[in-house]
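Working notes for the structure below.
All of the numbers you see were taken from the coordinates with simple rules; none came from a lab. Nothing here was measured: the structure is a model prediction, and the numbers come from that model. Counting neighbours? That spans all protein chains shown, and the Cβs are built from the backbone with ideal geometry, glycine included.
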């Protein structure tokens with residue numbers, strides 16, 4: 001069946017949205033996942049990039065969303081085979097297809113998938129993948145649509161990176177505004193830390209941070225002021241953590257810190273105090289003195305969970321609970337309390 005006019009219009013809208021994102025490779029990949037899911041009527045989508053002998057989920061949504069940052073051996077995944085062959089592949093039923101990682105499919109309820117090679121600089125470097133909870137969901141029509149969408153993504157990535165010395169992998173794993181690791185790289189490192197830390201005495205901690213007051217700042221002084229404040233907050237947070245810890249911008253006004261090898265509660269409390277102290281000094285911007293403010297919540301493995309999503313959910317819930325308590329009390333978000341509670 002030929003491509004329908006509504007589908008072509010959808011692809012054109014995707015191209016326009018990509019143009020607005022400019023050089024943000026990670027943002028472009030996430031946009032294509034989300035719009036591709038709608039275009040194909042799938043249950044989710046992902047962009048996986050080859051990294052050494054592995055395939056790593058660098059953007060994901062819907063059913064594939066929980067796999068963001070997941071690293072799988074190329075030799076045991078349909079995506080790795082797609083890159084090796086340089087041709088689209090279809091899995092009609094993951095339960096009977098020996099080419100797939102069955103455990104990874106079952107973990108998210110994936111039953112069928114379609115993978116299309118993502119070609120960069122003349123060679124396959126990854127895949128764009130559509131997934132479904134239904135058997136036999138993808139056929140010839142979906143293969144054609146995904147091929148078109150993959151071409152759009154490949155062209156956007158090429159033009160975003162051709163005048164930039166940084167590698168594609170770096171651009172896919174780092175935030176364009178702050179230069180910090182993005183959500184994909186944070187999830188990969190968190191999953192790795194939890195795997196390494198299982199059975200050890202030292203814990204793994206997660207700090208979820210929300211920058212307060214970004215919208216009023218944008219409304220008052222414009223988005224350039226907001227961008228400057230976000231970049232400065234990221235710089236201060238990165239400068240306040242221990243060597244080996246990781247600060248990431250997850251998106252919008254949301255940051256996260258990964259702390260490994262925590263010896264005890266005192267070390268976590270010290271980390272929180274350093275983070276709070278880093279935002280005390282105001283930021284000068286075109287004659288204005290801007291107060292940087294944030295809300296923070298933490299979680300530690302194994303006490304708060306042994307899986308990445310459980311830790312993030314616990315830290316996020318505590319962060320928002322603090323934000324609500326502070327608003328109710330009328331206290332200042334950026335102020336560091338005399339004694340920092342552990343969570």
Computed helical MRE - 222 nm, the chain, DSSP H runs ≥ 4 contributing -39500 (n - 2.57), nearest 500: -14500 deg cm²/dmol
Nearest 10 degrees, 0 to 90: helix 25-40 Cα axis against the chain principal axis: 50 degrees
Relative contact order (%) - criterion: Cα under 8 Å, at least six apart; region: segment 109-200: 20 percent
Acute angle (nearest 10 degrees) that the helix 265-278 long axis makes with the longest principal axis of the chain, alpha-carbon atoms: 90 degrees
Cβ-derived FRET efficiency at R0 22 Å, residue 307 paired with residue 254, nearest 0.05: 0.65
Inter-label distance for residue 38 and residue 4, nm, one decimal - labels placed 7 Å from Cα along Cα-to-Cβ: 1.5 nm
Under the Debye formula (equal points on every Cα, no solvent term), log10 I(q)/I(0) of segment 86-166 at q = 0.14, 0.26 Å⁻¹: -0.53, -1.17
Rounded if a/c under 1.5, otherwise prolate or oblate - segment 106-265, Cα gyration tensor axes: oblate
Cα gyration tensor of segment 183-329 - equivalent ellipsoid semi-axes, whole Å, descending: 29, 15, 14
R0 of 56 Å, Cβ-Cβ distance residue 107-residue 221: FRET efficiency to nearest 0.05: 0.80
Zone of residue 17's modelled label, taken as backbone nitrogen in segment 34-64 under 18 Å from a point 7 Å along Cα→Cβ: 34-48, 58-64
Extension gain (nm, one decimal) between residue 235 and residue 267, 0.36 nm per residue minus Cα-Cα: 9.4 nm
Segment 78-102-segment 176-217 distance, computed between alpha-carbon centres (Å): 31 Å
Projected label distance in nm at residue 177 and residue 96, using a 7 Å step from Cα toward the beta-carbon: 4.9 nm
Contact order relative to length of segment 5-173, as percent, for alpha carbon pairs under 8 angstrom and 6 or more apart: 23 percent
Given [x] 19.2; [y] 17.9; [z] 16.9, the label whose value is mean projected area of the Cα convex hull in nm² derived from this model: [x]
Pairwise centroid distance, computed over Cα atoms, of segment 305-321 with segment 1-33, Å: 32 Å
Mean separation of Cα contacts under 8 Å, 6 or more apart, over the residue count of the chain: relative contact order %: 14 percent
Pairwise label distance in nanometres, residue 87 with residue 286, each label 7 Å out on the Cα-Cβ vector: 5.6 nm
Per-peptide average of other Cβ atoms within 10 Å, ordering 92-103, 254-265 highest first: 254-265, 92-103
Between 0 and 90°, nearest 10: helix 223-240 axis offset from the chain longest Cα axis: 70 degrees
